[in-house]
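Just so it is clear, none of the values below were taken in a lab; they were calculated from the coordinates. If you're wondering where the values come from, they're calculated on a predicted model, not measured in any experiment. Backbone-built Cβ (ideal geometry, glycine too); neighbour counts: all protein chains shown.
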Amino acid sequence: MKKYRLLFALVFVGFIFGKENETISDFQRSSERYLTDENGNVTMFINVWGHVQEPGHKQVYEGIDLASLLSFVGGPINGANLKKIKLIREIAENEQVVFNINFENFIKQGDRSGFVKIKPNDTIIIPQTKFNYVIGQLGSINTLLSLFNM
């Protein structure tokens, strides 16, 4: 009987002082969502990473689409994998944070249906194709083989 009292006491104390299961939703978010310039145009900041001419933290007009954004950053570099562009949203939309975009449909047919609306503080990643990566590393491999040959 004494065991049950101790068990009951521990459960009761745990119930009183314990925390409920919480989902982790406390992460750093940017306080800036939209900005206005001196002419009253609404702008926002986004991040563009990967295989483009000018990656970085960019201020763009609200409502910009992916094609205009790629033009804004100088376009993709040869070897960019436009079939696997990722858009990572700062704040989940319908419980979705990562969107995969196949830009080839737009290039071949002008089809914009696969575009995702770009929102403030989104991060767009344009990866490099595996073949292009291997070709880029051939110089390093050649140097290593030359050293090994000596």
Exercise. Residue-wise, which Karplus ³J(HN,Hα) couplings in Hz belong to segment 85-93, taking 6.51 cos²θ - 1.76 cosθ + 1.60, θ = phi - 60°, and x for glycine or proline?
Worked result: 6, 10, 10, 10, 7, 5, 10, 4, 10
For this session: Using amide H atoms built 1.01 Å from N in the peptide plane, name the residues 5+ places from Lys84, or on other chains, whose amide H lies under 5 Å from its own.
Result: Phe103
For this session: Would you mind pulling out the separation of the Cα centroids of segment 56-96 and segment 112-148, in Å?
Result: 15 Å
Seminar exercise, completed: Lys and Arg at +1, Asp and Glu at -1: neighbours of Arg89 with Cβ under 9 Å from its Cβ sum to -2
Exercise. What are the ³J(HN,Hα) values, in whole Hz, obtained from phi via the Karplus relation 6.51 cos²θ - 1.76 cosθ + 1.60 with θ = phi - 60°, for each residue of segment 73-84 in sequence order, with x given for Gly and Pro?
Worked result: 9, x, x, x, 7, 3, x, 6, 8, 7, 7, 10
Problem set entry | Separation of the Asn39 and Ile88 label points, Cα + 7 Å toward Cβ, nm | 3.3 nm
Seminar exercise, completed: Under the Karplus relation with 6.51, -1.76 and 1.60 and θ = phi - 60°, whole-Hz ³J(HN,Hα) for segment 101-107, x at Gly and Pro, equal 10, 9, 6, 4, 4, 5, 5
For this session: List every residue whose amide H lies under 5 Å from the amide H of Leu35, counting only residues 5 or more places away in sequence or on a different chain, with H placed 1.01 Å from N in the peptide plane.
Result: Thr43, Met44
